[in-house]
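Notes follow the structure.
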Amino acid sequence: MTFLGMPAFPANAAAAVRDSQLRFNLRKATHTIREKRASVVAELPDWARLREAGKQIKDHTLRNLEGYLLQLEEAVTAAGGHVHWAADAREANRIVTGLVRATGESDVVKVKSMATQEIGLNEALAEAGITAYETDLAELIVQLGDDWPSHILVPAIHRSRAEIREIFLEKMADWGRPAPEELTDDPRALAEAARRHLRERFLSTKVAISGANFMIAETGTLVVLESEGNGRMCLTLPKTLISVVGIEKLLPTWRDLEVFLQLLPRSSTGERMNPYTSTWTGAAEGQEFHLVLLDNGRTRVLADEVGRQALRCIRCSACLNVCPVYERAGGHAYGSVYPGPIGAILTPQLRGMSSPLDASLPYASTLCGACYDVCPVAIDIPEVLVHLRGRAPHPRAERLGMRAAGWVFDRPERLARAERLAGRLRRFAPRRMPGPGPLSAWTETRDLPEIPAESFRDWWTRTDGGTR
Ligand code: SF4
C-alpha cells in the first residue's frame, strides 16, 4: 500500500513540522472543530453517562462478538443480502474485485470508508482494471491530488482553499466533468464544482462500495453517517452495493444505536445531530447487496487484554483534534490511514511492529492524556501506548540497561548502594550523552539532571525525616 516503506515517525514528523503552511492549516482546522465539540458536549448534562454507556455496549459486544456476528449474518441473509468473510486485506480485495467483475462494470463509486482504505481497495481495483471514484468531498480532493488522507474525518485537512482550487482546475477533467475555468477559492464555488462533477458520476455508475459506521445484529441493518448526501446517493442509486465493514462495528440492538447517534456527531463534527443518517437492511428492491466482514488483524487485537479497547473506536477523530503531536506533525507522519492517537495504538496492533515506522508509533505521543479525556467511548489511549511501548522491539543495549535497572530497583538496599555510588562518582557524570545515537538525541534538548551528593534516603536517615 501507499504507506509501505515510510521512515519511522520521528523522521516523518521532523519533515512535517518544517512546513509552516501545513502547521497553519492544521492548527486552524483542529482548533475550530475542537471548540465546536467542547461546546456541544457541554450542553448534555448526561455526557459522562452516555460515554460510559458507549464503552459498556462496545465492551459487551466485543466479549460476545462471535454470537453477534452470526446473528448479523443470519439477519442480512434473511433480508436478501449476501455475507462474505474476509480474514485479511488480500481476501477482502479478492472478494470485492470478484463481485465487481461479476457485474461487468469497470467503474465504482465509493462512500468514504476507512476500512477500504486500510485494505488498499482502490489500488487493488485499479490493478484489476476497475476505477474507484471517491465521492466524499475531502476524499475527492485527496484522490484528485494523488495524495494521502491525513485525518479520519477531514482527510484533506492539510489542504488550504487555494490549494484545492488548483487541484480542481488541474485534475478534475482527468476524472470526469472539468471544473469551471472561472473557479475561485470561495468554499461555495468549490463545493458547487464538486457537486456538478460528482452528480454525473452518481447517475451513470452501477456499482457502489461503502463501509459502515455501525451494524445492528438483531436486524442485520447497516448504518452510515455522513454530512454531504453523497453517501445516500451511492447507497440508493447503483444496482449493486458492496459494503466492507470491520467486524468490530457491531452493535447488538437498535436501542444501542441511540447512544452512538448522540456520541458520534457531537464528538466528530461538533454537531448535535448528524445531517445524513442512512440505514438499510439486506437488499433493497432492484438492488443486490453484499456485505464483506473484515477481520484483518482485529481478532488478534481482541486477544490483547489491554490493547483490545482500541476496537471500541467509532472513528470520531476527537482525539486527533486535541493531540499536540498530531497538530504539529500532521496525519501523513503516522504512515497509516489511521493517524493521530488512535492510529498510534491501532496501526501497530493491526499491522504488528516489525517495521521501524510501526514500532515507532507507540512513541508518537506525549502521554498528556487529552485524547482519553475527549474519547466518547473512553479508550484509555495513554494506557495502551505504554503497553505497546513495552512490546515494541528495543535495541539490545536498551534492553540490557533496563534489565540492570530492574535488578537495582528490585531491592531497596541495592538502590541505596547504587545511589551512594552515583553520589561519589557524580563529578564524572556527563551533562550530555555521547553520540550520535538515541541517547545523545535525548540530551540534545535537555540536560541530564545533576546527581545530588546525598540521596534522599540517606538525608532522611541522617536527619530523622528533617527533624534534626
Ligand atoms: S479513539 Fe476515541 S476519540 Fe479517537 S477516533 Fe476513536 S472514538 Fe474517537
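The values are calculated or read from the model by the stated rules, or taken from the named source; none is laboratory data. From a predicted model like this one, the values you see are computed outputs, not experimental measurements. As a convention, Cβ positions derive from the backbone with ideal geometry for all residues, glycine included, and neighbour counts pool all protein chains shown. When the accessible area is computed, the model is the full protein with side chains, heavy atoms only, and any ligands, DNA or RNA have been set aside. Shrake-Rupley method; radii C 1.70, N 1.55, O 1.52, S 1.80 Å.
Across the stretch 379-388, a minimum of one residue is classified as open to solvent by less than 30 Å² (accessible area, probe 1.4 Å), in contact with a Lys or Arg (Cβ under 6 Å, 6 or more places away or on another chain) and either within 30 Å of Arg34 (Cβ to Cβ) or among the charged types (D, E, K, R) (or both).
Of everything in the stretch 287-307, what is polar (S, T, N, Q) and assigned to a loop (DSSP other than H, G, I, E, B)? Give them in sequence order.
So the first thing to find is which residues in the stretch 287-307 are polar (S, T, N, Q), and the list is 287, 296, 299.
Within the stretch 287-307, Gln287, Asn296 meet the criteria.
Pairs linking a residue in the stretch 373-401 that is more than 26 Å from Leu261 (Cβ to Cβ) to a residue that is open to solvent by 70 Å² or more (accessible area, probe 1.4 Å) and within 12 Å of the ligand (Cβ to nearest atom), with Cβ atoms under 9 Å and 6 or more positions apart or on different chains, are Pro382/Tyr372; Glu383/Tyr372.
Within the stretch 267-286, can one find any residue that is part of a helix (DSSP H, G or I), surrounded by fewer than 20 Cβ atoms within 10 Å (Cβ to Cβ) and in contact (Cβ under 8 Å) with a residue 40 or more places away in the chain?
Restricting attention to the stretch 267-286, the residues satisfying the condition of being part of a helix (DSSP H, G or I) are 267-268.
Still in the running and surrounded by fewer than 20 Cβ atoms within 10 Å (Cβ to Cβ): none.
No, every residue in the stretch 267-286 fails to be part of a helix (DSSP H, G or I), surrounded by fewer than 20 Cβ atoms within 10 Å (Cβ to Cβ) and in contact (Cβ under 8 Å) with a residue 40 or more places away in the chain.
Kindly provide the set of residues from the stretch 433-444 that are under 19 Å from Pro10 (Cβ atoms) and not hydroxyl-bearing (Ser, Thr, Tyr), ordered by number. Walk me through it before giving the result.
Keep residues of the stretch 433-444 that are under 19 Å from Pro10 (Cβ atoms), which gives 433, 435-444.
Matches in the stretch 433-444: Met433, Gly435, Pro436, Gly437, Pro438, Leu439, Ala441, Trp442, Glu444.
Filtering the stretch 230-242 to residues that are assigned to a loop (DSSP other than H, G, I, E, B) and either open to solvent by 10 Å² or more (accessible area, probe 1.4 Å) or among the aromatic types (Phe, Trp, Tyr) (or both) leaves Leu237, Lys239.
Among residues belonging to the stretch 224-248 that are modelled with pLDDT of 95 or more and among the polar types (S, T, N, Q), point out the one that is nearest to Ile314 (Cα to Cα). The selected residue is Ser243.
If I ask for residues that are assigned to a helix (DSSP H, G or I), of a type outside the set (A, V, I, L, M) and out of contact with any Ser or Thr (no Cβ under 7 Å at 6 or more places or on another chain), which ones from the stretch 95-105 would you list?
In the first step, residues of the stretch 95-105 are kept if they are assigned to a helix (DSSP H, G or I); the result is 95-103.
Applying the additional criterion that residues be of a type outside the set (A, V, I, L, M) yields 97-98, 101, 103.
Matches in the stretch 95-105: Thr97, Gly98, Arg101.
Take the residues in the stretch 441-459 that are hydrophobic (A, V, I, L, M, F, W, C) and part of a loop (DSSP other than H, G, I, E, B); name whichever of them is farthest from Ala422 (Cα to Cα). Here the answer is Leu448.
Taking the conditions exactly as written (farther than 21 Å from Ser243 by Cα, within 16 Å of the ligand (Cβ to nearest atom) and open to solvent by less than 50 Å² (accessible area, probe 1.4 Å)), does His151 satisfy them or not? Considered against the rule, which asks whether it is farther than 21 Å from Ser243 by Cα, within 16 Å of the ligand (Cβ to nearest atom) and open to solvent by less than 50 Å² (accessible area, probe 1.4 Å), His151 comes out as yes.
Quick one: which of Thr61, Thr32 is in a helix (DSSP H, G or I), of a type outside the set (A, V, I, L, M, F, W, C) and buried (at least 17 other Cβ atoms within 10 Å of the Cβ)?
Working: Thr32 fails: buried (at least 17 other Cβ atoms within 10 Å of the Cβ).
Exactly one residue qualifies, and that residue is Thr61.
For Arg328, state whether it is in contact with a Lys or Arg (Cβ under 8 Å, 6 or more places away or on another chain), open to solvent by 10 Å² or more (accessible area, probe 1.4 Å) and either of a type in the set (Lys, Arg) or within 15 Å of Gly246 (Cβ to Cβ) (or both). When the stated conditions are applied, Arg328 passes them. Within the stretch 417-433, being farther than 19 Å from His394 by Cα and either assigned to a loop (DSSP other than H, G, I, E, B) or of a type in the set (Asp, Glu) (or both) holds for Glu419, Leu425, Ala429, Pro430, Arg431, Arg432. None of Arg161, Arg201, Arg195 is more than 21 Å from Tyr326 (Cβ to Cβ) and open to solvent by less than 50 Å² (accessible area, probe 1.4 Å) except Arg201.
Residue check: Ala333 meets all listed conditions (1) over 12 Å from the mean Cα position of the chain (by Cα); (2) within 16 Å of the ligand (Cβ to nearest atom); (3) crowded, with 24+ Cβ neighbours inside 10 Å but one, namely (2). Any residue in the stretch 154-165 that is farther than 18 Å from Glu192 by Cα, of a type in the set (A, V, I, L, M) and modelled with pLDDT of 95 or more? No, the stretch 154-165 contains no residue that is farther than 18 Å from Glu192 by Cα, of a type in the set (A, V, I, L, M) and modelled with pLDDT of 95 or more. As for the stretch 366-374, it holds at least one residue that is at negative phi and in contact with a Gly (Cβ under 9 Å, 6 or more places away or on another chain). Against the list (1) touching a Lys or Arg at 6+ places or on another chain (Cβ under 9 Å); (2) open to solvent by 20 Å² or more (accessible area, probe 1.4 Å); (3) more than 18 Å from Glu163 (Cα to Cα), the condition Asp186 fails is (3). Of all residues in the stretch 74-94, those being assigned to a helix (DSSP H, G or I) and surrounded by 19 or more Cβ atoms within 10 Å (Cβ to Cβ) number 5.
Looking only at residues in the stretch 130-158 that are in contact with a strand residue (DSSP E or B) (Cβ under 8 Å, 6 or more places away or on another chain), among the hydrophobic types (A, V, I, L, M, F, W, C) and without any contact (Cβ under 8 Å) to a residue 60 or more places away in the chain, which one is nearest to Gly211 (Cα to Cα)? Don't jump to the end; show me each part of the working.
Keep residues of the stretch 130-158 that are in contact with a strand residue (DSSP E or B) (Cβ under 8 Å, 6 or more places away or on another chain), which gives 130-136, 139-140, 142-143.
Now restrict to residues that are among the hydrophobic types (A, V, I, L, M, F, W, C): 130, 132, 140, 142.
After this cut, where a residue has to be without any contact (Cβ under 8 Å) to a residue 60 or more places away in the chain as well, the list is 130, 140, 142.
Details: Ile130: 18, Leu140: 16, Val142: 18 Å.
My answer is Leu140.
Condition first: within 14 Å of the ligand (Cβ to nearest atom), under 22 Å from Ala15 (Cα atoms) and open to solvent by 10 Å² or more (accessible area, probe 1.4 Å). Now tell me which residues in the stretch 342-378 satisfy that. Result: Ser365, single match.
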